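To keep things clear, I will list the structure first and then write my remarks on it.
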Amino acid sequence: QVQLVESGGGLVQAGDSLRLSCAASGRTFSSYAMGWFRQAPGKEREFVAAINWSGGSTNYVGSVKGRFAISRDNAKNTVYLQMNSLKPEDTAVYYCAARSSFIHTMANEYAYWGQGTQVTVAS
């Protein structure tokens, strides 16, 4: 069992940066692949980024490549999403998720979810 708590969201201007954090409980955090997803009002939940258990493999949706970076610190049971050059279309609730296998881009492949943190980018 893994419990996830996101933080770091907020209201920023276009071009600004934010770093989201996701703190995980449980002794087996280092064995989980972690993902970040987002959901804008009226839209489906969308894959953003994922990282494997060691941090050695990552994957991003095309719209954030070069702007966002996912990382993890297994000693702190935390995964991060550094978001740079934010755009209004990045506005959404951001969720972190965990799965006990390799990274995946499909939300229904992740068993554990946080409650989400709101990111709003003003133009």
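Assorted remarks:
- Per residue value of the accessible surface for the chain (all protein chains in place, 1.4 Å probe), Å²: 50
- Sequence ranges 51-62, 90-101, ranked by mean other-Cβ count within 10 angstrom, highest first: 90-101, 51-62
- Distance from the range 4-59 to the range 69-123 (C-alpha centre basis), Å: 1
- Qualifying trypsin sites (Lys or Arg not before Pro) for the range 1-79 [loop in DSSP, other Cβ within 10 Å: at most 14]: Arg27, Lys43, Lys65, Lys76
- Local electrostatic count at Asn77 - Lys and Arg +1, Asp and Glu -1, tallied over other residues with Cβ under 14 Å: +1
- For the chain, the Cβ-based charge dipole about the Cα centre amounts to some 180 debye (Lys, Arg positive; Asp, Glu negative; other atoms uncharged).
- Percent carbon-and-sulfur accessible area, the chain, ignoring ligands, DNA and RNA, probe 1.4 Å: 48
- Summed side-chain charge close to Gly116 - residues other than Gly116 whose Cβ falls under 11 Å, Lys, Arg +1, Asp, Glu -1: +1
- The range 1-75: relative contact order as a whole-number percent, Cα under 8 Å and 6+ apart: 21
- Student exercise, the range 32-89 dipole from Lys, Arg, Asp, Glu Cβ charges, in Debye to nearest 20: 80
- For the pair Gln39 and Val61 in one chain, pulling the backbone fully straight at 0.36 nm per residue adds 6.6 nm over the alpha carbon distance.
- The Cα-based radius of gyration of the chain, divided by its Kirkwood radius, gives an Rg/Rh of 0.94.
- Values of log10 I(q)/I(0), in the order q = 0.17, 0.34 Å⁻¹, for the range 78-123 under a Debye, Cα-only, solvent-free model: -0.61, -1.25
The values are calculated or read from the model by the stated rules, or taken from the named source; none is laboratory data. Note that the structure is a prediction, hence the values are computed from the model and not measured. As a convention, Cβ positions derive from the backbone with ideal geometry for all residues, glycine included, and neighbour counts pool all protein chains shown. Accessible surface areas use protein heavy atoms only, side chains included; no ligands, DNA or RNA. Shrake-Rupley method; radii C 1.70, N 1.55, O 1.52, S 1.80 Å.
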